[in-house]
Every structure is written in C-alpha cells, then in structure tokens.
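A.B. asks: The structure follows.
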Amino acid sequence: MDGIGRHSPRSPAGIFQLACMTCHQESPVTDNSTTVQQDWALAHTGRHPGHRGFKLTAETYWRTVPADGNPYAEIPPPANGEQH
C-alpha cells in the first residue's frame, strides 16, 4: 500500500499520557498501550474522589511512501533523523 498511514518500524504505534483536569497531575508515559493510564486514572480518582476528568494525549508517527513510478520513490528515506 502506498500513501500515508504506515507506522515507521522504528517508532511505537502510539505514545500515551493522561492528565487530571482538576489538579493537572500526569500519568506515566507509555508506548503502545493505555493500560497504565487506565490504572493510574482509577487509582488517582480513588485517592481524590472529586477528580474524575482526564485528558488523554496520544502521539503517533507516520511515514509517507511514494507510489511506484513516482520519481521520489527512488530516493531512500533519510537515516538517523537526517533531512534531505
């Protein structure tokens, strides 16, 4: 499949963190799973019963892939964060 939407094999599918909307305390940051954030939110609400709203921040990384026949398809992607 050519186009947008492929995850870089060197990058996680997602990076996640929660923040309490009442006190702004933040959960740990994790890759590829929100289980830690869910557990953190439940424990946080258990310690602070009035803190029930949370903001989820999620990061994903995509790579574009030129279609066959596109002149840019012949240019290899940069290594180690270098730019062309």
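A.B. asks: How many nm is it between the label spots at Ser11 and Lys55, if each spot is 7 Å from the Cα in line with the beta carbon?
C.D. replies: Once both label points are built, they end up 2.2 nm from each other.
A.B. asks: Then there's this: Please give the FRET efficiency for Val36 paired with Thr64, using the beta carbon to beta carbon distance and R0 = 41 Å, rounded to the nearest 0.05.
C.D. replies: 0.85
A.B. asks: Subtract the Cα-Cα distance of Thr22 and His48 from 0.36 nm times their separation in residues, and report this length gain in nm to one decimal.
C.D. replies: On the way: separation 26, 0.36 × 26 = 9.36 nm, distance 0.97 nm.
Length gained between Thr22 and His48: 8.4 nm.
We did not get these values from a lab; they are worked out from the coordinates using the rules stated. Keep in mind it's a predicted model, so treat the numbers as computed, not measured. Cβ atoms come from the backbone with ideal geometry, glycine included; neighbour counts cover every protein chain shown.
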